[in-house]
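Please read the structure below before turning to the comments.
The values are calculated or read from the model by the stated rules, or taken from the named source; none is laboratory data. Keep in mind the model is a prediction, meaning the values are calculated, not measured. FYI the Cβ positions are ideal-geometry reconstructions off the backbone, even for glycines, and counts take in every protein chain you see. Accessible surface is based on the protein model in full, side chains and every heavy atom, while ligands, DNA and RNA are left aside. Shrake-Rupley method; radii C 1.70, N 1.55, O 1.52, S 1.80 Å.
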Amino acid sequence: MAVAVGDRAVVALLTLLLLFAVPASGYQERGTERQEAEEFTECGEDATGRGRFILGRTRRVVRTESGQVRIVSGDRWKGQPSTMNIGFLRLEPNSLFLPQYVDANLILFVRRGEVEAGWIHKDEMVQRKLKRGDINVIPAGSPFYIANTNSERSHMVCGIDTSQSLAYNWQHSFFIGGGTNPTSVLAGFSVNTLANAFNITSDQLRSMMRRQSGGPIVHFSGQQEKDLDPNNDGEEAATTWTRKNLLNYLLGRSGGEKTRSTESNHAPYAFNLYNNEPSFQNSYGWSTAIDEHDYSLLSGCGVGVYLVNLTAGSMMAPHFNPVATEYGVILSGSGSIEVVFPNGSTAMNAEVSEGDVFWIPRYHPFCQVASRGGPMEFFGFTTSSKRNHPQFLAGASSVLRTMSGPELATAFGVSEEQLGRLVKAQRESVILPASNNWDGGRETADERKKEKMVEELLVIKRGFLA
């Protein structure tokens, strides 16, 4: 009797599973494709627990009373570390990020406040006042400093291109000026070698090389001490080397005077993302993308820059980048980002807010959506300075509308007339409004519950069919 009941139970369960046989077969195949997609992208695991394309928490690499530097590393791609890191530099009022050079190209974006950047361009000193929205590039190996001599705190976002770095996916700072903290690269030479190279005494050299201990970011009033020689009687001799003298020498200044770039050197000025006409604009937002044609300094590092502002509830239409991988930072507001695998399965659907850093692999379809509560602004970098030509998959300028014809209709299994109605229903392009019944692209709790139940049934079915 017990055996008969058991048989009936098995038959009933198998009958139930057979009802799901057709859709389950497709679902199982989709699961296999999803695994292949994950192997194809080689993106690594979701370290944040929020989505595989949301980068992890920033690492604090510098912190002093005068400021800090935080860095988030790009994710792995094709089995190799990313060559793009994102840095965040905060400078307190009257502070200085000490003179140094880095084995990476730095693409600076001023998010808040104002700073002064000085660097060596064609053997001469270039100084630029940078304000909110300014983009500036400091090439790898070029000595530079960044100072905030204003009364307000400044914030900068920095794209760090490590393609020329000594190590994969990381950059190294070589501090020119320093003491016990940070240590100047000059400290590695013997005292006799440096004293002879600078034509000063050993005592003068030691006094100068041991005084700095405040860290890479220090208080800065804009004035330098006149003399660091403890044996000097107050009259500055011509042969006495002070900290100012050494800084002048290292940064290409002569006789204490700044040697600025000349017209013949063509040192480019900063490019301001807010003061230039947007690349695209409509009632639902605007976007600006600059490449080497817009700003010549980008050609040397092979990086592009973009800035997007979406009004409340609006969407950057689904699209993909055929040329570059994209990295972005949410500057203000909140919303969501959806990313799709090549096989058409969902790679990520994550909520984002101010401070989040994301990345989108080349070729992967994606879209960004602002929350209904307010606008969302995001800024970022692309891994190519060439013109990108993003390919939109929806809207008036979409590739579906451009390719509309019998071939595409056949691909969707609809008539040309039906296809035409579908692809022409959206009259806006690039940045799209939200429909009244749109839920923000997020799955409802009921939808997630139903999907979980189906997956559990599929697990049972595989067990029977194994």
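Rolled with a 1.4 Å probe across the full set of protein chains, the surface gives PHE189 an accessible area near 120 Å². Leaving out ligands, DNA and RNA, what percent of the accessible area of segment 303-387 is carbon and sulfur, probe 1.4 Å? Result for segment 303-387: 51 percent of the exposed heavy-atom area is carbon or sulfur. Net charge in the neighbourhood of THR410 (other residues with Cβ under 14 Å of its Cβ; Lys, Arg +1, Asp, Glu -1) is -3.
Taking each residue as 0.36 nm, the span from ARG132 to GLN418 lengthens on full extension beyond its C-alpha to C-alpha distance by 98.1 nm. Mind running the shape call on segment 326-385? Use the C-alpha gyration tensor, a ≥ b ≥ c as the square roots of the eigenvalues: rounded below 1.5 for a/c, prolate if a/b tops b/c, oblate otherwise. Judged from the Cα gyration tensor, segment 326-385 comes out oblate (a/c at least 1.5, b/c at or above a/b). When only alpha carbons are used to place a centre, segment 263-335 and segment 64-132 end up 18 Å from one another.
Shape verdict for segment 73-224, please, from the Cα gyration tensor: rounded (a/c under 1.5), prolate (a/b greater than b/c) or oblate. Cα axes put segment 73-224 in the oblate bin. Calculated FRET efficiency, PHE174 to ALA411, Cβ-Cβ distance, R0 = 51 Å: about 0.40 to the nearest 0.05. The stretch between ASN94 and ASP123 holds 7.7 nm of extra length on full extension. This uses 0.36 nm per residue minus the Cα-Cα distance.
For segment 306-318, the Karplus equation 6.51 cos²θ - 1.76 cosθ + 1.60, evaluated at θ = phi - 60°, returns couplings of 9, 9, 10, 10, 10, 6, 3, x, 7, 9, 6, 3, x Hz by residue, with Gly and Pro reported as x. Using a simple spin-label model with pseudo-atoms 7 Å out from Cα toward Cβ, ASN282 and SER345 lie 3.3 nm apart.
Label positions at SER397 and TYR363, each projected 7 Å from the Cα along the C-beta direction, are separated by 2.5 nm.
At 0.36 nm per residue, and after removing the present C-alpha to C-alpha distance, how many nm does the segment from ARG60 to SER332 gain when stretched out fully? Before the final figure, lay out each step's value.
Working: separation 272, 0.36 × 272 = 97.92 nm, distance 2.14 nm.
Additional length available on full extension: 95.8 nm.
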